[in-house]
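This report refers to the structure that appears directly beneath it.
What follows draws every value from the coordinates through simple rules; no lab data is involved. Small disclaimer: the values here were computed from a predicted structure and weren't measured. Virtual Cβ from ideal backbone geometry, glycine too; neighbours counted across all protein chains shown.
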Amino acid sequence: MTYLENGKTHMRYDIYLKRGYPIGSGVIEGACKNLVKDRMEQCGMRWAIAGAEAVLRMRSIQINGMTSDYWRYHIAQEKQRLYGNFIGSDTIELAA
């Protein structure tokens, strides 16, 4: 009861439903199944935390249709890492 009393200002389901917000856990459970379970729990798979995290990040990018944005960002970051401010500089001096 205490939990419900303390949280009653956040439990405005009538308003949430009128605004089209989901009020159940089905949407979250569906997303978890689609994003995590279907990919990570295939037969015989074992994952280290770092590998699983990397796969889930890439899967999230792909599912959300952000693949092109990701690759543009990734390429820019790699260029910066490899070449720093050297690329695009108008004053390049070469040693003789």
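Rg(Cα) of the range 1-80 divided by 2.2 N^0.38 Å? Don't skip to the answer; put the middle values down first.
Numbers: Rg = 18.9 Å, N = 80, 2.2 N^0.38 = 11.6 Å.
Ratio of Rg to 2.2 N^0.38 Å for the range 1-80: 1.63.
With runs of 4+ DSSP H residues as the only contributors, calculate the mean residue ellipticity of the chain at 222 nm using -39,500 (n - 2.57) per run, divided by the residue total and rounded to the nearest 500.
Working: 5 runs with 51 residues, N = 96.
Only helices count here, giving -15500 deg cm²/dmol.
Longest stretch of the chain clear of exposed loop sites (chymotrypsin sites (Phe, Trp or Tyr not before Pro), DSSP loop, at most 16 other Cβ atoms within 10 Å, sites excluded): 1-46.
If Lys and Arg each add +1 and Asp and Glu each add -1, what is the summed charge of the other residues whose beta carbon sits under 15 Å from the beta carbon of Glu41? Don't skip to the answer; put the middle values down first.
On the way: positive: Lys33, Lys37, Arg39, Arg46, Arg59; negative: Glu29, Asp38.
Local charge sum for Glu41: +3.
Farthest toward the dipole's positive end in the chain, which of Tyr13, Gln77, Thr67, given Cβ charges of +1 (Lys, Arg) and -1 (Asp, Glu) about the Cα centre? Sorting the options by dipole projection puts first Tyr13. Of the GluC sites (Glu not before Pro) found in the range 1-63, the ones in coil according to DSSP and having at most 10 other Cβ atoms within 10 Å of their Cβ are Glu41.
Charge dipole (Cα centre; +1 on Lys/Arg Cβ, -1 on Asp/Glu Cβ; no other charges) of the chain amounts to roughly 380 debye.
Quick check of the Kirkwood formula: for the range 1-44, what is the inverse mean of 1/r over all pairs of different Cα atoms, in Å?
Values: mean 1/r = 0.0770 Å⁻¹.
Value: 13.0 Å, from the Cα pair sum.
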